[in-house]
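Worksheet: the structure to be examined is printed underneath.
The values are calculated or read from the model by the stated rules, or taken from the named source; none is laboratory data. The shown structure was predicted, so the numbers you read here are calculated from the model rather than taken from an experiment. Reconstructed Cβ throughout: ideal geometry from the backbone, glycine too, with neighbour counts over all protein chains shown.
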Amino acid sequence: MESVVQSVQKHKVLAVAIGASVVGLLVGLAIGWWFWPVQWTNAPPAQLRSDFRQTYVLLVAEDYAQTGDLDTARERLGIQFWEEGELSRELQRAEQAHHGEAALAIRRLSSNLEAAPAPPEAPPETVAARLQPVAMVCGVGLLVIALVGGGLYLYSRLADERGLRGLTATGSPSVAGNDARPGGEAGWEGQPPNAQFVTTYVLGDDRYDPSFSIELASGEFMGECGIGISETIGTDSPERVTALEVWLFDKNDIRTVTKVLMSQYAFTDEALRTKLAPKGEPVLTEEGKDLILDTRMLRLRAHVAELDYAQVDLPPESVFDRLTVELAAWVKPQADGLEDRLPPGPPESS
């Protein structure tokens, strides 16, 4: 131990530099992970994953088909963030992936975007602006290293002047981090939803795929919800639907939440459950049952109001004849400082 102390005293400058570097690294990690972590919000559609881009493009196209507001469609698509020609290709891919009214809406939006004059491009982001956050963190780290190094150097000089032998080791306090998040949304019980819809599937509606916009009272678009055919069985026409999927899209979330409403037959069939598992959480369809879907800023309650099975030459309770679902959506008041603009939302799911 004594030899180690003597070696440190012999190479004081090197020991101070190493100590300052370690402390600076720990402080930099603490700043990057706990105090000023990178948070992605309001990412433009061009930066989304390919399947999310197609969903987003479809939602914008359907909204444009209803409003005819091309400027709003441009703003929501964030056309300034797409590379040249990429938006047109994305619209073509989305059109090919859909059919019926959805494909027509995407085609109409694409043609109108090409026909309308492009708005003036925003000045490109400079390299200095991109490097500003990195430079700020590096600057803070260097400042901390300089302060710690200077303090250790002064301390060593004072120790030499006082004839101290050896170095006094002191432990540095640990930095503990805890990503505390707000608890449950207390006080939502009994409050009206921001949007409410009723939709009914009837055997024979092979293109059943309704979707509904969720907006604030001011008209601000927050997301969409809907229900569509998830799985069919048999080969007869019309399609024999044995599962439908309820989904919730949040413009401020990177994911679309989905739950699969399965018939009694599909829910008890292990092969079908395994096949549908990647699409969302499997749920047995029962009349009077509630499903809760949560995203970052939205909550959707899907209530099975009516359920009838078809009498067909397939296993009993395997094909839906009629299914009515009531959808109620709330915007969470605690997200992004919306408390003053939103009514309270629904009660917590049990």
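So V198 ticks every box in (1) of a type in the set (V, I, T); (2) surrounded by 15 or more Cβ atoms within 10 Å (Cβ to Cβ); (3) closer than 19 Å to E306 by Cβ but one. Which box is left unticked?
(2)
Consider I214 carefully, then state whether it is part of a strand (DSSP E or B), modelled with pLDDT under 95 and either crowded, with 19+ Cβ neighbours inside 10 Å or not charged (D, E, K, R) (or both).
Values: part of a strand (DSSP E or B): yes; modelled with pLDDT under 95: yes; either crowded, with 19+ Cβ neighbours inside 10 Å or not charged (D, E, K, R) (or both): yes.
It is true that I214 is part of a strand (DSSP E or B), modelled with pLDDT under 95 and either crowded, with 19+ Cβ neighbours inside 10 Å or not charged (D, E, K, R) (or both).
Which pairs do you get when a residue that is at positive phi, found in the stretch 193-208, comes within reach of a residue that is surrounded by fewer than 13 Cβ atoms within 10 Å (Cβ to Cβ) and assigned to a loop (DSSP other than H, G, I, E, B), reach meaning Cβ atoms under 7 angstrom, with the pair 6+ apart or on two chains?
G204/P238
Please pick out the residue among A302, A266 that is among the small types (G, A, S), surrounded by 19 or more Cβ atoms within 10 Å (Cβ to Cβ) and at pLDDT 95 or above. Talk me through it step by step, then tell me what you get.
Numbers: A266 fails: at pLDDT 95 or above.
It is A302.
Taking the options L293, L307, L327, name whichever one is in contact with a Phe, Trp or Tyr (Cβ under 6 Å, 6 or more places away or on another chain) and closer than 13 Å to L261 by Cβ. Even if it seems obvious, please write down each step before you answer.
Values: L293 fails: in contact with a Phe, Trp or Tyr (Cβ under 6 Å, 6 or more places away or on another chain); L307 fails: in contact with a Phe, Trp or Tyr (Cβ under 6 Å, 6 or more places away or on another chain).
Checking each option against the conditions leaves just L327.
Between S88, S21, which is loosely packed, with under 15 Cβ neighbours inside 10 Å, modelled with pLDDT of 75 or more and either in the same structural domain as V257 (by TED's automatic domain parsing) or under 30 Å from P133 (Cβ atoms) (or both)? Let's see the steps before the verdict.
Numbers: S88 fails: either in the same structural domain as V257 (by TED's automatic domain parsing) or under 30 Å from P133 (Cβ atoms) (or both).
Exactly one residue qualifies, and that residue is S21.
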